[in-house]
Amino acid sequence: MSAKTLNIGLIGSGFMGQAHADAYRRAALLYRDLPLVPVLHTLADATPALASAAAARFGFASATADWRAMVRDPEIDVIDITTPNAMHVDMALAAIEAGKHVLVEKPLATTVADCDRIIDAAARRGVVLAVGYHQRFR
């Protein structure tokens, strides 16, 4: 019996994008009884060249410079946002509207009002919204 999978769409391949991609790749190795195994489906970045180079380096199946198209892809289950903070709101809201589960590297947004918009949208749509805190205990 093959394991069920969770297709990941990652937006951003900078430092945190690299850390998230590495974590997805190592998840099944470190946690052998995962109910869903992450699959590196698509990586989106600012240009086709950046996206293609990062996707090849990290092991994603495909790459794009159009994060909006990636968010609409019915094969992708989770959108992981690791872009600069000011970009989080539009990306998170678009992913939620598309019915995707969303992981945003901290901060969720740059204002409390925008955080509330994202949280409310996720609650209305019934998707999982998570915020990554890579140094919680520092």
- prompt: Before we move on, is Arg72 of a type in the set (Lys, Arg), modelled with pLDDT under 95 and surrounded by fewer than 18 Cβ atoms within 10 Å (Cβ to Cβ)?
  reply: no
statement: Those residues of the range 87-118 that are more than 16 Å from the chain's Cα centre (by Cα) and open to solvent by 50 Å² or more (accessible area, probe 1.4 Å) come to a total of 6
message: So, restricting to strands (runs of 3 or more DSSP E) that lie completely within the range 49-138, which ones have at least 2 residues that are closer than 17 Å to Gly17 by Cα, free of Cβ contacts under 8 Å to residues at least 40 places away in the same chain and not basic (Lys, Arg)?
response: 62-64, 101-105, 129-132
- prompt: Taking interchain pairs and intrachain pairs at least six residues apart, which have beta carbon atoms under 6 angstrom, with the first residue in the range 19-48 and within 17 Å of Ser62 (Cβ to Cβ) and the second open to solvent by less than 40 Å² (accessible area, probe 1.4 Å) and at pLDDT below 95?
  reply: Pro38/Ala27
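The values are calculated or read from the model by the stated rules, or taken from the named source; none is laboratory data. Just so it is clear, the model here is predicted, and its values are computed rather than measured. Here the Cβ is made from the backbone with ideal geometry for all residues, glycine too, and neighbour counts use every protein chain on show. The accessibility values were calculated without ligands, DNA or RNA, using every heavy atom of the protein model including side chains. Shrake-Rupley method; radii C 1.70, N 1.55, O 1.52, S 1.80 Å.
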